[in-house]
Structures are given as structure tokens and as C-alpha cells.
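First up is the structure itself, then whatever we jot down about it.
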Amino acid sequence: MYSMSNAFNCFVCFMAIAVATKTESTCSQIKLIGREQWGAKLPKDVVSMKTPVRYVFIHHTAMGECFNLTTCIEQVKEVQDLHMISRKWSDIGYNFLVGEDGRVYEARGWNRTGAHTKYYNQVAVAVSVMGNFMKRIPNQIALDATSIRSEHFYHTLKKIKQIKFVINKPLLF
């Protein structure tokens, strides 16, 4: 049985190995669902992100889980409603969302300042796995998609001298 700290350490190790050992060709494996494809609302405001980006944060939505395109699109829309209506943000706080269907859903996308990590929004991008992972680890499909997406960030941002990956500690993984 995994403890919270063991599971967290395993995921950090997994992410480090995945990012360090995969090749750029895996970026083509990303199944990216664009904003138009999932029916995004228009953002209330768009703020360009300052570059260079120095961090990639990995979060979870702490909401419902999804395992297929239909339920994942529903979840992305629920996240957008929560962030735009309840929290009164201009759009989804994250740059990208990952479903347990293995797809990556464009939220704010590239070059847009997010609302995900206090004090870091201007210098970081955020990937959030859809679901609540305080009691279980995401399935392997979501972990693979997250590592490929993170690797894509790494290769896209490799001109930056130092980039750090940060996992949100309260998560099980």
C-alpha cells in the first residue's frame, strides 16, 4: 500500500525519468484537443505570458474524472464554468488539461498567463490532470500523456537555461 509521500516520490521520479529519456518524436504522440474542438467559451480577457517560462506545474482539478472523449469534454467545460463563473477568472486557470483518456485538452494554451499557482503565473505553464488524485494515482494513460506533454514543454523551452517541474504536493501522486 502506497503512503502519500511514497506515491508522490514515485510520481516525481516517473516524471523525471520520462522527461529525461523520451525523444522529441514522442511530441507527435500528443492527442491535442483544441479549444474549438471541445467548444470553449471565449475568454473574458487574454494576457500574454512573459517569457522565458521557467516552470511547469503539474496539478489536478480535484473534480470529476473522465475516461473517454465525451466525459472529458464535459469535465473541461465544468472546469471552465467553475473558473469563469464561480471564481470570476477570465478563463480556465491552467494552460492544458489531461484526461484519463490520454488526450490533452487546450485550456489557455501557449503564451497565455494562467491563474494556477500564486506568484508563478507570469513565469510558468500549468498542466492539470482531470480528477481528484488525493486518494489514488491517475491511470497510466494519463501519466503517459502528462509526461509527453511535459516533455514537449521541455523541448519547446529548451533554449531556457533552467526549467523546473513542480508537482502540487497535496496530491497523492
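Can you name the residue in the stretch 54-68 that is touching a helix residue (DSSP H, G or I) at 6+ places or on another chain (Cβ under 9 Å) and either among the polar types (S, T, N, Q) or surrounded by fewer than 20 Cβ atoms within 10 Å (Cβ to Cβ) (or both) and is also modelled with the lowest pLDDT among such residues? Break it down into steps so the answer makes sense when it comes.
The first filter runs over the stretch 54-68 and keeps only residues touching a helix residue (DSSP H, G or I) at 6+ places or on another chain (Cβ under 9 Å), leaving 54-56, 58, 61, 63-67.
Going one step further and asking which of them are either among the polar types (S, T, N, Q) or surrounded by fewer than 20 Cβ atoms within 10 Å (Cβ to Cβ) (or both), we end up with 54-55, 61, 63-64, 67.
On the way: ARG54: 79, TYR55: 82, THR61: 95, MET63: 95, GLY64: 94, PHE67: 98.
So, considering only residues that are touching a helix residue (DSSP H, G or I) at 6+ places or on another chain (Cβ under 9 Å) and either among the polar types (S, T, N, Q) or surrounded by fewer than 20 Cβ atoms within 10 Å (Cβ to Cβ) (or both), the one modelled with the lowest pLDDT is ARG54.
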Output for the stretch 33-45, where each listed residue is surrounded by 13 or more Cβ atoms within 10 Å (Cβ to Cβ) and of a type outside the set (Phe, Trp, Tyr):
ILE33, ARG35, GLN37, ALA40, LYS41, PRO43
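Does at least one position in the stretch 1-13 carry a residue that is exposed (fewer than 13 other Cβ atoms within 10 Å of the Cβ), among the hydrophobic types (A, V, I, L, M, F, W, C) and either outside any helix (DSSP H, G or I) or at pLDDT 95 or above (or both)?
Yes - at least one qualifying residue is present in the stretch 1-13.
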Residues being modelled with pLDDT of 80 or more and either under 18 Å from ALA62 (Cβ atoms) or part of a helix (DSSP H, G or I) (or both): count how many of those fall in the stretch 119-163.
23
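The values are calculated or read from the model by the stated rules, or taken from the named source; none is laboratory data. Computed from a predicted structure; not experimentally measured. No Cβ is skipped: glycine too gets one built from the backbone with ideal geometry, and neighbour counts run over all protein chains shown.
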